[in-house]
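The values are calculated or read from the model by the stated rules, or taken from the named source; none is laboratory data. Note that this is a predicted model, so its numbers are computed, not measured. Glycine also receives a Cβ, built like all others from the backbone with ideal geometry; neighbour counts cover every protein chain displayed. Keep in mind that these areas ignore ligands, DNA and RNA; they rest on the heavy atoms of the full protein, side chains included. Shrake-Rupley method; radii C 1.70, N 1.55, O 1.52, S 1.80 Å.
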Amino acid sequence: MSLPGRPQGEYRHAQRRPVTGPARRRIQVAALALAVLAAVALGVALLRELRGPAPAAAAPLPVGAPDPAAVARGAYLARAGNCGGCHSAPGGAEMAGGRGIDTPFGTVYAGNLTPDPETGLGGWSAEDFWRALHHGRSRDGRLLVPVFPYPEYTRVRRADADDLYAYLRSLPAVRQSAPAHTLRFPFDTPLALAAWRLLYFTPGEQADDPARDAAWNRGRYLVRGLGHCGACHTPRNALGGPRDADEFGGGPIPMQRWIAPSLASAAEAGVADWSDDEVVALLQTGRSARGIVTGPMAEVVFHSTQHLRDEDLRAMARYLRTLAPAGGAAPRSVAMTAPPPGPAPAEGPGARLYARHCADCHGDRGQGRAGAYPALAGNRTVTLDSPVNLLRTVLLGGFGPVTAGNPRPYGMPPYAGRLNDEELAALATYLRQAWGHAAPPVSALDVLAAR
């Protein structure tokens, strides 16, 4: 269609005429004004984040011994949060800090949580402690590095925070300053921390879901709050920010060369098709009919979950069994639920290595031995899309945690010094493709990266 009395070509040419003169200047001024307003708004937001909420009036510090009931509750909650896992250095005093935690941005050192007035929490009030857990701020208002999992601890309720505070104040005071963090620029600046918080942190307690029962809500509170399971099992971006849309979706554990598998995928670490008893057994003893825990999760069971009450473990199981992949995502690995009736093919270097080093314990069909050695046929660690966990287990050995319910766990010796990279790649490839598995093969380069 064209305008009356005007050729079509001229009309198109008129429409394409560039904006010039005063009109262009007005557009440029408007764009500049919008940019200035956006910069000012961002600056105000960063300044507000740096300053934080006004601290409450300082309450007098408690005098005398803490309430024994509060101390007992706090000790239990400290186990649930695995506080000692970071705040107790190997060979050091309990909760005295000093342990270095490596991150992609540098090393962060855990603080002293004992009631020493100079180097610990001796001068902290319950309000100060609550501010650290809930807002991620130190006593003087400084922003805490989110290696301290305040994005998860913000869900902790005030009564539980006060009980934790009572427990920590009951510990023997240890005078020990933590080394200064060694974060690289600009990650060591308050401005960078404020920007990270604007992007990834919103304080708020965990509210119960009225559509769910008390056990499910308790389980969610423990898993998402004190248990801070998402700190490892939620994938992170390049800035260390959680991908909330894929909560519990799994991913690499920074600096540890392990994969935290998805807690929502049945092909990884999801437990939707497990019974409550099976989940409880795994968290309480490190072993169940479905498998065993090794690697970083073995430390969690050893230090934390084996000490939890049965009703709390059942609540966690209840919640974990309801998790599902975000957006109905497809599983990222292929595993079987039972071994096939006959032995796997005995040809090829991987098969020969398996027969020589593995079959005596794990069986010629990968069926394992109940109560001792896990089955490899249908084993989700074997068939994860990434072979990292399988390779780390073979290289370093497979050791479950020592627990009250499993005081003498069977272990697997390390093979890092017994097999070369090509042999380990052949063995891992065989495991990932025997017994009906269909996981990708493993290369010698994969093994080298996992060492």
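The rows are residues; the columns are (1) within 23 Å of the chain's Cα centre (by Cα); (2) modelled with pLDDT under 95; (3) aliphatic (A, V, I, L, M).
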{"position": "Thr119", "(1), (2), (3)": "no, no, no"}
{"position": "Trp130", "(1), (2), (3)": "yes, no, no"}
{"position": "His134", "(1), (2), (3)": "yes, no, no"}
{"position": "Arg139", "(1), (2), (3)": "no, yes, no"}
{"position": "Tyr221", "(1), (2), (3)": "yes, no, no"}
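Determine whether Ala238 is in a helix (DSSP H, G or I) and at pLDDT below 95.
no
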Which residues, counting only those in segment 180-210, are in a helix (DSSP H, G or I) and without any contact (Cβ under 8 Å) to a residue 60 or more places away in the chain? Ala192, Leu193, Trp196, Leu199, Tyr200
Give segment 380-394 a look and list any residue that's open to solvent by 20 Å² or more (accessible area, probe 1.4 Å), of a type in the set (S, T, N, Q) and in a helix (DSSP H, G or I), or say none. Thr381, Thr393
Go through (1) free of Cβ contacts under 8 Å to residues at least 24 places away in the same chain; (2) more than 20 Å from Ser304 (Cα to Cα) and name the single condition Thr234 misses. (2)
From the residues in segment 416-425 that are open to solvent by 20 Å² or more (accessible area, probe 1.4 Å) and touching a helix residue (DSSP H, G or I) at 6+ places or on another chain (Cβ under 9 Å), which one is nearest to Phe302 (Cα to Cα)? Ala416
So which pairs qualify, if the first residue must be in segment 280-293 and hydroxyl-bearing (Ser, Thr, Tyr), the second must be open to solvent by 20 Å² or more (accessible area, probe 1.4 Å) and assigned to a loop (DSSP other than H, G, I, E, B), the Cβ gap must be under 6 Å, and the two must be at least 6 apart or on different chains? Thr285/Gly405
Applying the selection to segment 189-236, what residues are farther than 24 Å from Ala161 by Cβ and touching a strand residue (DSSP E or B) at 6+ places or on another chain (Cβ under 7 Å)? Pro190, Pro235, Arg236
What is the residue count in segment 213-233 for residues that are more than 15 Å from Ala324 (Cβ to Cβ) and either of a type in the set (Val, Ile, Thr) or part of a loop (DSSP other than H, G, I, E, B) (or both)? 4
Condition test on Ala178, is it modelled with pLDDT under 95, open to solvent by less than 40 Å² (accessible area, probe 1.4 Å) and over 18 Å from the mean Cα position of the chain (by Cα)? no
Looking at Ala439, Ala428, Ala351 in this structure, which one is surrounded by 16 or more Cβ atoms within 10 Å (Cβ to Cβ) and either without any contact (Cβ under 8 Å) to a residue 24 or more places away in the chain or not in a helix (DSSP H, G or I) (or both)? Ala439
Considering only segment 285-316, how many residues are over 20 Å from Thr381 (Cα atoms), among the polar types (S, T, N, Q) and either assigned to a helix (DSSP H, G or I) or open to solvent by 20 Å² or more (accessible area, probe 1.4 Å) (or both)? 2
Would you mind stating whether Phe248 is among the aromatic types (Phe, Trp, Tyr) and either under 15 Å from the mean Cα position of the chain (by Cα) or on the phi > 0 side of the Ramachandran plot (or both)? yes
